[in-house]
Amino acid sequence: MAGNTAPGAHRPVDLAQTYRKISLHLVPFLFICYLFNYFDRVNVGFAKLQMLGALHLSETSYGLAAGIFFIGYVSFAVPSNLILYQVGARRWLTVTMILWGIFSTCLMFVTSAKGFYLLRFLTGASEAGFFPGIILYFTLWVPSAQRGRITALFMSAIPFSGVVGGPLSGWVLHSLSSGVGGLAGWQWLFLTQGIPTILLGIGLFFLLDDGFDQASWLGEDERRALKQALVDDERSHPAAVASSGGALLNPRVWLLGIIYFGMACGVYAINFWLPTIIKTSGITDPLTIGWISAVPYLGASITMVCLGRSADLRRERRWHLALPLMAGVAGLVLAAAYAANTAVAAIGLTVATMGAMGALPMFWPVSGAFLSAAGAAGGIALINSLGQTAGFFSPYFVGWIKDTTHSTDLALYILAGGMAVSVILILGLPVKIINRS
């Protein structure tokens, strides 16, 4: 009969529906994993409110400890991603999560600055493969034109960790700081973040597929259509860097790393110092600080998802990346200029957080314009490593400025300048390349 599919013929596949199915299967669980990844960073900012007195640390020492995490992170990011590409995401991401959960939990036993430094380094080294590994993992599932939305949904865990983690961390410090169970409030923070991470790592081994070829929840026709879509996507980027070695030597990869560094300086200034900046404005109760800190992150969560959807629908990356960063620059400047005014400073921090974090998922699909699957293993890790050096520089620099000037204002102005440089470099990228990602 007319309209029947002939025996052996392939059924037509609605790729849009298949991409939605992939998002529903991958993103929720990975979102939760990344949420705990960022709880670790939010918690350190809140633990600081009590740790400095308990361990007799200076602001500079805290900034150094927070930053040493990223020395471990940067040192192991590229080799970790290359291992993931060889052994598969399921195995390597399981190892990554269990190790960082163990080291994060052990932070509750720290009694000295040296112990704090060592465990932060080990935590950074063990986390190094997670984020770039997930970004690489998405390249194995969907073509570049679809990655803006899925990356935005996944990365919205960053600001959402502040929405949930800020009030939760404030509550822990407020309610458990009197020695409940023989532990201080800051020790409870590390315990409640570390143990669930270990359990999620174990769950990841059983819930994650290495690629669509192993996904039993996809039909054979869907797997075939996905494979063809990825082949077509690779062919549409004839200038793609075809190997990890080539990516590590590619000037444009290094340029993207520099751009990401400027972006990350603003993000990490917010992550590590938001509670302190709020406290400086005159609010001292940890629970109140937690609730106030949730507002900027909530705005950033909404911004991320909306930008990802808009960029994919319009097939435009350039201004979806540059404009949020401009807003981030303006917000940091406003927060610094009106640091003594709680309401205005909160507005500035909210705008800065929405802009700086909203731009993050807009950045990563750009690399897909010239990196093949093999090139992405090394290229994404290198870009991320260069950017993550901001995680060492930014908190240490802010701590040093605060110890020297007794204010974070100058540091915020300088970090805003770094983000402005990233905007200039983004606008200098060839339009055809950045918008075809």
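The values are calculated or read from the model by the stated rules, or taken from the named source; none is laboratory data. Please read all numbers here as calculations on a predicted model, not as lab measurements. For neighbour counting, all protein chains shown are included, and Cβ atoms are generated from backbone atoms with ideal geometry for every residue, glycine included.
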Scan of the range 217-249 for residues that are in a helix (DSSP H, G or I) and either within 16 Å of K21 (Cα to Cα) or at pLDDT 90 or above (or both), ordered by number: E220, D221, E222, R223, R224, A225, L226, K227, Q228, A229
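Of the residues in the range 331-342, how many are crowded, with 17+ Cβ neighbours inside 10 Å, of a type outside the set (V, I, T) and in contact (Cβ under 8 Å) with a residue 40 or more places away in the chain?
Within the range 331-342, the first condition is being crowded, with 17+ Cβ neighbours inside 10 Å, and the residues that meet it are 331-336, 338-339.
Subsequent filtering for residues that are of a type outside the set (V, I, T) retains 331-332, 334-336, 338-339.
Filter once more, keeping what is in contact (Cβ under 8 Å) with a residue 40 or more places away in the chain: 332, 335-336, 339.
Counting residues in the range 331-342 that are crowded, with 17+ Cβ neighbours inside 10 Å, of a type outside the set (V, I, T) and in contact (Cβ under 8 Å) with a residue 40 or more places away in the chain gives 4.
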Positions within the range 343-360 being more than 19 Å from the chain's Cα centre (by Cα) and touching a residue at least 12 places away in the same chain (Cβ under 8 Å), in sequence order: A345, A346, I347, G348
Number of the exception - L313 against (1) crowded, with 19+ Cβ neighbours inside 10 Å; (2) over 28 Å from G170 (Cα atoms); (3) at pLDDT below 80: (1)
Residues in the range 63-78 that are surrounded by fewer than 24 Cβ atoms within 10 Å (Cβ to Cβ) and under 18 Å from W254 (Cβ atoms) total 3
Subset of the range 106-159 [in contact (Cβ under 8 Å) with a residue 12 or more places away in the chain and among the basic types (K, R)]: R120, R147, R149
Cβ pairs under 7 Å, 6+ apart or interchain, first in the range 378-389 and over 10 Å from L136 (Cα atoms), second surrounded by fewer than 24 Cβ atoms within 10 Å (Cβ to Cβ) and at pLDDT below 80, ordered by first then second residue, are L382/L248
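Would you say T276 is over 28 Å from L386 (Cα atoms), surrounded by fewer than 24 Cβ atoms within 10 Å (Cβ to Cβ) and among the polar types (S, T, N, Q)?
On the way: over 28 Å from L386 (Cα atoms): no; surrounded by fewer than 24 Cβ atoms within 10 Å (Cβ to Cβ): yes; among the polar types (S, T, N, Q): yes.
No; evaluated as a whole, the condition is false for this residue.
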Q193: closer than 22 Å to V87 by Cα and either crowded, with 17+ Cβ neighbours inside 10 Å or modelled with pLDDT of 85 or more (or both), yes or no? no
By residue number, the members of the range 341-394 that are within 29 Å of F121 (Cα to Cα), at pLDDT below 75 and among the small types (G, A, S) are S367, A374, G375, A376, A377, G378, G391
